[in-house]
């Protein structure tokens with residue numbers, strides 16, 4: 001019975017075939033199964049990683065996509081690659097939990113925000129370290145509805161790469 005099920009799965013997914021031997025049906029079945037598996041895996045992961053909140057989250061997104069693509073196209077064994085995806089998501093969850101529990105670990109894996117503007121004054125050294133030009137700063141401020149630097153109490157380049165702005169009172 002187990003041999004029959006294994007043979008049927010192999011016939012549908014082409015698991016014993018080389019990548020260049022996979023047909024349209026195999027690719028369609030692999031795409032469908034990978035999509036369903038990724039929905040289950042991603043739904044069980046923390047939601048923030050999909051928003052690419054930090055480089056840490058972005059790396060997981062890229063790696064999951066790369067491994068899933070290889071599994072779909074036959075460049076990597078399908079089920080072992082799927083296990084690899086699950087392991088990556090679990091590691092991401094564990095690292096996220098550890099980062100939540102330890103600010104030092106969080107800073108190590110996710111980085112820190114950078115103060116770019118303080119009391120209307122641009123922090124030039126911080127901008128250099130962040131590889132941020134004045135044009136970048138001006139653009140980000142305009143997107144926040146700010147066109148007068150003197151009205152900015154604080155602007156920080158967050159770990160996500162987005163600029164957060166606190167307006168001066170009044």
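The values are calculated or read from the model by the stated rules, or taken from the named source; none is laboratory data. Source: prediction; values computed, not measured. Virtual Cβ from ideal backbone geometry, glycine too; neighbours counted across all protein chains shown.
So is residue 133 within 30 Å of residue 156 (Cα to Cα) and in the same structural domain as residue 10 (by TED's automatic domain parsing) or not? Reasoning before the result, please.
Values: within 30 Å of residue 156 (Cα to Cα): yes; in the same structural domain as residue 10 (by TED's automatic domain parsing): no.
Here the answer is no, as residue 133 does not meet what is asked.
Taking the condition of being assigned to a helix (DSSP H, G or I) and on the phi > 0 side of the Ramachandran plot, how many residues in region 69-82 meet it?
The total comes to 0.
Give me the pairs: first residue in region 22-38 and over 11 Å from residue 12 (Cα atoms), second residue crowded, with 16+ Cβ neighbours inside 10 Å, beta-carbon distance under 6 Å, and six or more apart or on different chains, which are they?
Close Cβ pairs satisfying both conditions: 31/72; 34/68; 34/72; 37/82.
Residue under question is residue 31, and the condition is that it be in contact with a helix residue (DSSP H, G or I) (Cβ under 9 Å, 6 or more places away or on another chain), more than 30 Å from residue 160 (Cα to Cα) and part of a helix (DSSP H, G or I); does it hold?
On the way: in contact with a helix residue (DSSP H, G or I) (Cβ under 9 Å, 6 or more places away or on another chain): yes; more than 30 Å from residue 160 (Cα to Cα): yes; part of a helix (DSSP H, G or I): yes.
It is true that residue 31 is in contact with a helix residue (DSSP H, G or I) (Cβ under 9 Å, 6 or more places away or on another chain), more than 30 Å from residue 160 (Cα to Cα) and part of a helix (DSSP H, G or I).
Is it true that residue 49 is modelled with pLDDT under 90, in contact with a helix residue (DSSP H, G or I) (Cβ under 7 Å, 6 or more places away or on another chain) and not in a loop (DSSP other than H, G, I, E, B)? Let's see the steps before the verdict.
Numbers: modelled with pLDDT under 90: yes; in contact with a helix residue (DSSP H, G or I) (Cβ under 7 Å, 6 or more places away or on another chain): yes; not in a loop (DSSP other than H, G, I, E, B): yes.
So residue 49 passes the test.
Where residues in region 15-28 are touching a helix residue (DSSP H, G or I) at 6+ places or on another chain (Cβ under 8 Å) and closer than 18 Å to residue 80 by Cβ, which of them is surrounded by the fewest Cβ atoms within 10 Å (Cβ to Cβ)?
16
So which of 90, 59, 109, 85 ends up being at pLDDT below 95, in a helix (DSSP H, G or I), under 30 Å from residue 23 (Cα atoms) and within 21 Å of the chain's Cα centre (by Cα)? Can you show your working first?
Details: 90 fails: under 30 Å from residue 23 (Cα atoms); 59 fails: under 30 Å from residue 23 (Cα atoms); 109 fails: under 30 Å from residue 23 (Cα atoms).
One residue alone meets the criteria, 85.
Residue 64 passes all but one of (1) modelled with pLDDT under 90; (2) crowded, with 18+ Cβ neighbours inside 10 Å; (3) not in a loop (DSSP other than H, G, I, E, B); which number fails?
Unmet condition: (1).
Given the criteria in contact (Cβ under 8 Å) with a residue 60 or more places away in the chain, assigned by TED's automatic domain parsing to the domain that holds residue 34 and in contact with a helix residue (DSSP H, G or I) (Cβ under 6 Å, 6 or more places away or on another chain), does residue 74 qualify?
yes
For region 101-152, which positions are more than 30 Å from residue 60 (Cβ to Cβ), touching a residue at least 24 places away in the same chain (Cβ under 8 Å) and surrounded by 12 or more Cβ atoms within 10 Å (Cβ to Cβ)?
117, 118, 120, 122, 141, 149, 151, 152 - these are the residues of region 101-152 that are more than 30 Å from residue 60 (Cβ to Cβ), touching a residue at least 24 places away in the same chain (Cβ under 8 Å) and surrounded by 12 or more Cβ atoms within 10 Å (Cβ to Cβ).
Between 93, 97, which is surrounded by 14 or more Cβ atoms within 10 Å (Cβ to Cβ), in the same structural domain as residue 42 (by TED's automatic domain parsing) and free of Cβ contacts under 8 Å to residues at least 60 places away in the same chain?
93 is the lone residue from the list that is surrounded by 14 or more Cβ atoms within 10 Å (Cβ to Cβ), in the same structural domain as residue 42 (by TED's automatic domain parsing) and free of Cβ contacts under 8 Å to residues at least 60 places away in the same chain.
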